[in-house]
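Contents: one structure, followed by commentary.
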2 protein chains.
Amino acid sequence: MKKLINKPENVVKESLQGMALAHANLIKVSYNPYFITRSNTPTEGKVGIVSGGGSGHEPLHGGFVGFGMLDAACPGEVFTSPTPDQMQAATLAVNGGAGVLHIVKNYTGDVLNFEMAADLARADGIEVESVVTNDDVAVKDSLYTAGRRGVGVTVLAEKIAGAAAEQKRPLKEVADICRKVNNYGRSMGMALTSCTVPAAGKPTFDLPDDEMEIGIGIHGEPGRSRMKVKTAAEITEMLANPIIEDLPFKSGDSVLAFVNGMGGTPLIELYIIYNELNKICAGRGIKIVRNLVGSYITSLDMAGCSITLVKMDDELIKLWDAPVNTPGLRWGI
Amino acid sequence: MKKLINKPENVVKESLQGMALAHANLIKVSYNPYFITRSNTPTEGKVGIVSGGGSGHEPLHGGFVGFGMLDAACPGEVFTSPTPDQMQAATLAVNGGAGVLHIVKNYTGDVLNFEMAADLARADGIEVESVVTNDDVAVKDSLYTAGRRGVGVTVLAEKIAGAAAEQKRPLKEVADICRKVNNYGRSMGMALTSCTVPAAGKPTFDLPDDEMEIGIGIHGEPGRSRMKVKTAAEITEMLANPIIEDLPFKSGDSVLAFVNGMGGTPLIELYIIYNELNKICAGRGIKIVRNLVGSYITSLDMAGCSITLVKMDDELIKLWDAPVNTPGLRWGI
């Protein structure tokens, strides 16, 4: 295993320490239990938004804490759900009196623990709503998941719901907007290489030198199929077509197109995929009105990419364009 | 070779097409010859800033075209200098009547071609100044380089000189500020894996499964030494100490600390390196007043990192903090 780490058991802690130092103007980190909040939390009268999940997907979620996006994030160990006490503590910390929204990727551990945390927070008198993202069209059930996995749409839902919360909209409305992004969004990913979990010390799965896996999960969970590596054009088709046909996205639709790197993929390749995605959307009469290209929901050092499309209306576009100031996404500030 | 590409010979063109589509509000791409400018170039009365170099280092340089940074970038083929006609065309395109600054990484091809382009532009009546960056302390001469290589400091020089140009300062002043950043900056990098140039189809060099290379160049040029992979703490020492001792950075100095990923390195690891760098600087009384952590000057899919320190004064800090709006760096806008 080749990684820029000290001891595997200290990866999450030391990475959080580095993050806290690098972004001291935006965030602060609590270590017992682990959670990241804005440096100036809570915001009175604003819905607090908490997300979280296993580490190894950076900048998701901690990198999206800040104005216009999350109020707090709970990092678990690598590819391991955070615990209810983390989520409860984060929920208490960001409660500004208008309730708290939990944004949860659909993995069994995350869902159960966030449910328990919501119950605990309600017992503390905090109103909590939860939205579970489940946008991955690759497989119906999976390792760690009943139903579809939550992947790329989570980034976009955090941004858009975050903007709605910043406008001091009520909890129910912010949750409904978050659900709308999830309902309007579909994703699929692929891998050229496996990732290596530090504590395991070896690749999560074996992928021969000339093969790729289509439909991979962000923890290296099995996807749809393995095959010889194809061209960027063919790979983009294999990801985009099932996404488009699932919702379905139709001619005349406006979409946000998100091309995401898995952690070990250079930007030069992501732009090639984005170029191919434009051709496919144009060919089907689907208009890309906003986009995001980069590594935002990763799988440690995995080489590969995912595509997410979200059907956009004027309300969602306005919320997407609203100012955001986090370590991982920043504009309009 | 596993890459998200179509034909190796089309990588640069298709990546530029994707970039143009993704960032149409900020940049436009000319294809004959290749150069990227701001969408609204030239800016009358402002010094134009042009940089460029081989592709494969994204987001450098094209991702730094936009308000507060570059006016144009010239991408060569992968790891190959752009040609004088690209640089001349870019220089003409961004000339707003106040002259043009060329920021050139110290590689023999880049330096020669930018010199020729400067002569051609001067013959067209444009005042041109050139600054060559040469911040890499790893080796004195190298493949493709007489003297030290230009690496991480280039990103920071482009940001800081870009801010000075935005204030409509005269060409000589903008060039002097750029030189100051280079003179005050030092860098060193390391690799856990080789990169693979698409046209070559195989790794640039062989690095055994348990070894790393210290002092690597951004084209996979040989560094100082190879050894078994060490901990993040040891690696950070091996990079930071030669940097600190070279300038030298002294107790009481304020610095900008830049931890850069080489393209195949996940963010979670870069934050661990940044955490270690903070300890080293604190131990020597060096104060980190600004930082940048992420993959900004890459080497295709290489796994590894580099560290850059720049000694900062009030003027440089103010210019660093100034608004910037490019595909690769964005704040204050």
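The values are calculated or read from the model by the stated rules, or taken from the named source; none is laboratory data. Note that this is a predicted model, so its numbers are computed, not measured. Note that each Cβ is placed from the backbone with ideal geometry, even for glycine, and that neighbours are counted across all protein chains shown.
When the range B:49-86 is limited to residues that are β-branched (Val, Ile, Thr) and either touching an Asp or Glu at 6+ places or on another chain (Cβ under 9 Å) or within 20 Å of residue B:128 (Cα to Cα) (or both), the one that is nearest to the other protein chains (Cβ to nearest Cβ) turns out to be B:65.
Selection of the range B:21-48 for residues being within 22 Å of the chain's Cα centre (by Cα) and either modelled with pLDDT under 95 or facing chain A (nearest Cβ under 9 Å) (or both) yields B:22, B:23. The residue that is nearest to residue A:92 (Cα to Cα), counting only those in the range A:1-37 that are of a type in the set (D, E, K, R) and free of Cβ contacts under 8 Å to residues at least 40 places away in the same chain, is A:28. Residues that are surrounded by 24 or more Cβ atoms within 10 Å (Cβ to Cβ) and closer than 19 Å to residue A:323 by Cβ do occur in the range A:165-177. Scanning the range A:116-144 for residues that are touching a residue at least 60 places away in the same chain (Cβ under 8 Å) and part of a strand (DSSP E or B) yields A:136, A:142.
The strands (runs of 3 or more DSSP E) found entirely in the range B:174-233 that carry 3 or more residues being within 21 Å of residue B:248 (Cα to Cα) are B:185-191. The set of residues in the range B:300-319 being surrounded by fewer than 24 Cβ atoms within 10 Å (Cβ to Cβ) and either assigned to a strand (DSSP E or B) or among the basic types (Lys, Arg) (or both) consists of B:311, B:318.
Conditions (1) in contact with a Ser or Thr (Cβ under 6 Å, 6 or more places away or on another chain); (2) outside the structural domain of residue B:257 (by TED's automatic domain parsing); (3) more than 19 Å from residue A:14 (Cβ to Cβ); (4) at pLDDT below 95, marked per residue:
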site: B:288; (1), (2), (3), (4): no, no, no, no
site: B:311; (1), (2), (3), (4): no, no, yes, no
site: B:314; (1), (2), (3), (4): no, no, yes, no
site: B:333; (1), (2), (3), (4): no, yes, yes, yes
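Please specify each residue of the range A:10-58 satisfying the condition of being surrounded by 24 or more Cβ atoms within 10 Å (Cβ to Cβ) and in a loop (DSSP other than H, G, I, E, B). Matches in the range A:10-58: A:47, A:56, A:57, A:58. Just one of the listed residues (B:67, B:79) is within 22 Å of residue B:260 (Cα to Cα) and of a type in the set (Phe, Trp, Tyr), and it is B:79. All of B:297, B:273 fail the test of being touching a His at 6+ places or on another chain (Cβ under 7 Å) and surrounded by 22 or more Cβ atoms within 10 Å (Cβ to Cβ), apart from B:297. Comparison of B:132, B:94 shows that the only residue that is within 13 Å of the chain's Cα centre (by Cα), β-branched (Val, Ile, Thr) and not assigned by TED's automatic domain parsing to the domain that holds residue B:196 is B:132.
Within the range A:78-91, one or more residues are surrounded by fewer than 20 Cβ atoms within 10 Å (Cβ to Cβ), farther than 26 Å from residue A:4 by Cβ and at pLDDT 95 or above.
Each row is one residue, and each column tells you yes or no for (1) facing chain A (nearest Cβ under 7 Å); (2) not in a loop (DSSP other than H, G, I, E, B).
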position	(1), (2)
B:239	no, yes
B:244	no, yes
B:252	no, no
B:258	no, yes
B:269	yes, yes
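Within the range A:302-324, is there a residue that is at the interface with chain B (Cβ under 8 Å from one of its Cβ atoms) and either among the acidic types (Asp, Glu) or within 20 Å of residue A:69 (Cβ to Cβ) (or both)? No, the range A:302-324 contains no residue that is at the interface with chain B (Cβ under 8 Å from one of its Cβ atoms) and either among the acidic types (Asp, Glu) or within 20 Å of residue A:69 (Cβ to Cβ) (or both). Counting residues in the range A:271-288 that are within 10 Å of another protein chain (Cβ to nearest Cβ), out of contact with any helix residue (DSSP H, G or I) (no Cβ under 6 Å at 6 or more places or on another chain) and closer than 23 Å to residue A:330 by Cα gives zero.
Among the numbered criteria (1) in contact (Cβ under 8 Å) with a residue 60 or more places away in the chain; (2) over 21 Å from the mean Cα position of the chain (by Cα); (3) over 18 Å from residue A:185 (Cα atoms), which one does residue A:264 miss? Only one criterion in (1) in contact (Cβ under 8 Å) with a residue 60 or more places away in the chain; (2) over 21 Å from the mean Cα position of the chain (by Cα); (3) over 18 Å from residue A:185 (Cα atoms) is unmet by residue A:264, namely (2). Figure legend. Inter-residue proximity from the range B:90-102: first residues farther than 12 Å from residue B:73 by Cβ, second residues surrounded by fewer than 21 Cβ atoms within 10 Å (Cβ to Cβ) and polar (S, T, N, Q), beta-carbon distance below 9 Å, spacing 6+ or different chains. Indicated pairs: B:96/B:41; B:96/B:43; B:98/B:43; B:101/B:130. Residues in the range B:173-198 that are more than 28 Å from residue B:237 (Cβ to Cβ) and out of contact with any strand residue (DSSP E or B) (no Cβ under 7 Å at 6 or more places or on another chain): B:173, B:176, B:177.
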